[in-house]
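What follows is a set of notes on a single structure, which appears directly below.
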Amino acid sequence: MQINDKSGATEYLASAQRYNEMTYRRTGNSGVLLPAISLGLWHNFGFIDSIQNGRDILRCAFDLGITHFDLANNYGPPFGSAEENFGTILKKDFKSYRDELFIATKAGYDMWPGPYGNLGSRKYLIASLDQSLKRMGLDYVDVFYHHRPDPDTPLEETMGALTDIVRQGKALYVAISNYQPKETQRAAELLKASNTPFILHQARYSMFDRWIENGLLNTLEQNGVGCITFSPLEQGMLTDRYLDGIPKNSRAAKSMSYLDKETVNSNISKINSLNEIAQNRNQKLSQMAIAWILRHKQVASVLIGASSANQLKDNVKALENLSFTDEELKMIDNIVS
């Protein structure tokens, strides 16, 4: 007798060809190779989202050779729910593949009430990671980030906590995010002095937000640290979604969004000009935007989000054309400057 299960959910067996097409890039001077495109779980993996859709996205990612999944304690919503859902999917689909995965989480933003649930104290970072490991059902993460600088906690305390997290076996490597060049240099010095494996800096970077070019990339190269970038598509602006204005169901049309109508409207001319260059390269604008970031040797990987498996597949096609002519780069600079 068969059960009447029409969900379509099946047992997962990873593609045998998963490593055939993906490009892997070295992370600074470390032994770690990351996929050129990694999957961020900031959106679409919380309790308000479909866990089956999240499961489909993660399966698709791994089948494409994406081994790096990026989380944080407060991803959701609600806070913690992305990690919990990821843990559920990990147990069902990826338990036997754990050693093929490079899993990250972070702490640094608001997570729980009171003075110990935010920023960069030793108490917060260690407690947060313990909670994250429990939510995901893991003994350790591959890399743990301090998510943002804390202006009031001595950097020695924050970096010391990261060092002890590695020594406790809760993370294999450590990283930072959103640090300015001077702060990054000091963090690197402290971590080097304690022989702590500091391998990544996660920074916002796109054609429309180029702050890391003003010193950070050079600082990372000098210290043998890789860069992994987020928001490469500027919340969807660097896609074909806004070429003809703002669709009703788009992120810019919603009130609870980091992207507003005014920002889109002020950039539509630039978006269309960039799209023309992409078309001449036989790429979508989103694909060109990702490829443009990967032209930097310091960039180990580009973090992208995905609302569907098909969207993920589409963005991974950026790797089919990573070369830019000097003329193309000059044209892009002239448009976005």
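The values are calculated or read from the model by the stated rules, or taken from the named source; none is laboratory data. Bear in mind the structure is a predicted one, so any value in this text is a computation, not a measurement. No Cβ is skipped: glycine too gets one built from the backbone with ideal geometry, and neighbour counts run over all protein chains shown. For the accessible areas, the whole protein counts, side chains as well, though only heavy atoms, and no ligand, DNA or RNA atoms are used. Shrake-Rupley method; radii C 1.70, N 1.55, O 1.52, S 1.80 Å.
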Practice task
May I ask you to give the average projected area over all directions of the convex hull of the Cα atoms of the stretch 181-316, in nm² rounded to one decimal?
Solution key: 9.7
Practice task
Using a 1.4 angstrom probe, figure out how much accessible area the chain has per residue, in square angstrom, rounded to the nearest whole.
Solution key: 47
Problem - Antiparallel bridges, percent of DSSP beta bridges restricted to the chain (to nearest 5) - result: 10
Handout entry: Net charge of Cβ neighbours under 12 Å - reference LEU64; Lys, Arg +1; Asp, Glu -1
Key = +1
Completion exercise
Note, ARG55: beta-carbon cut-off 10 Å, +1 each Lys/Arg, -1 each Asp/Glu, net 0
Problem - Longest to shortest principal axis, alpha-carbon extents of the chain, angstrom - result: 67, 52, 41
Problem - Charge tally in the Cβ shell below 14 Å around GLU156, where Lys, Arg are +1 and Asp, Glu are -1, GLU156 excluded - result: -3
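Could you tell me what percent of the accessible area of the stretch 163-223 is made up of carbon and sulfur, with a 1.4 Å probe and every protein chain present?
Summing carbon and sulfur atoms, their accessible area is 44 percent of the total for the stretch 163-223.
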Handout entry: Residue-by-residue Karplus 3J(HN,Hα) for the stretch 271-283, coefficients 6.51, -1.76, 1.60, Hz, glycine and proline x
Key = 4, 5, 5, 5, 5, 4, 5, 4, 4, 5, 8, 6, 10
Exercise for the section: Could you name the aspartates and glutamates whose alpha carbon sits less than 16 Å from that of LYS106, not counting residues in the same chain fewer than 8 places away? Expected result: ASP70, GLU83, GLU84, ASP130, ASP139, ASP142, ASP150, ASP164
Problem - Spatially proximal lysines relative to LYS317 (Cα-Cα < 22 Å; intrachain offsets below 8 disregarded) - result: LYS284, LYS297
Practice task
Could you tell me which of rounded, prolate or oblate describes the stretch 157-231, using a ≥ b ≥ c as the square roots of the eigenvalues of the alpha-carbon gyration tensor, with rounded for a/c under 1.5 and, failing that, prolate when a/b is larger than b/c and oblate otherwise?
Solution key: prolate
Exercise for the section: Take the alpha carbon gyration tensor of the stretch 6-53, find the square roots of its eigenvalues, order them as a ≥ b ≥ c, and report rounded if a/c is under 1.5; if not, report prolate when a/b exceeds b/c, else oblate. Expected result: oblate
Problem - Cut-off under 5 Å, modelled amide H: who pairs with HIS68 long-range - result: LEU39, PHE102
Practice task
In whole Hz, with x marking every Gly and Pro, tabulate ³J(HN,Hα) for the stretch 57-73 from phi via Karplus 6.51 cos²θ - 1.76 cosθ + 1.60, θ = phi - 60°.
Solution key: 5, 5, 4, 4, 4, 5, 5, 8, x, 7, 9, 9, 10, 10, 10, 8, 4
Fill in the blank from the handout: Packing-ranked peptide list from 204-216, 168-180, highest mean Cβ count within 10 angstrom first, is 168-180, 204-216
Fill in the blank from the handout: Expected vector for the stretch 118-134, Karplus 3J(HN,Hα) from phi with 6.51, -1.76, 1.60 and θ = phi - 60°, integer Hz, x for Gly and Pro, equals 7, 6, x, 6, 4, 4, 5, 5, 5, 5, 5, 5, 4, 5, 4, 4, 5
Fill in the blank from the handout: Note on the stretch 2-95: alpha-carbon gyration tensor, axes a ≥ b ≥ c; rule is a/c under 1.5 for rounded, else prolate if a/b larger than b/c, else oblate; result oblate
Problem - Calculated diffusion of the stretch 56-96, Stokes-Einstein form, Kirkwood radius summed over Cα pairs, 37 °C and 0.692 mPa s, µm²/s - result: 304
Exercise for the section: Only helical DSSP H runs with n ≥ 4 go in: add -39500 (n - 2.57) per run for the chain, normalise by residue count and round the 222 nm mean residue ellipticity to 500 deg cm²/dmol. Expected result: -11000 deg cm²/dmol
Practice task
State the percentage of accessible surface on the stretch 32-155 attributable to carbon and sulfur atoms; use a 1.4 Å probe and exclude ligands, DNA and RNA.
Solution key: 55
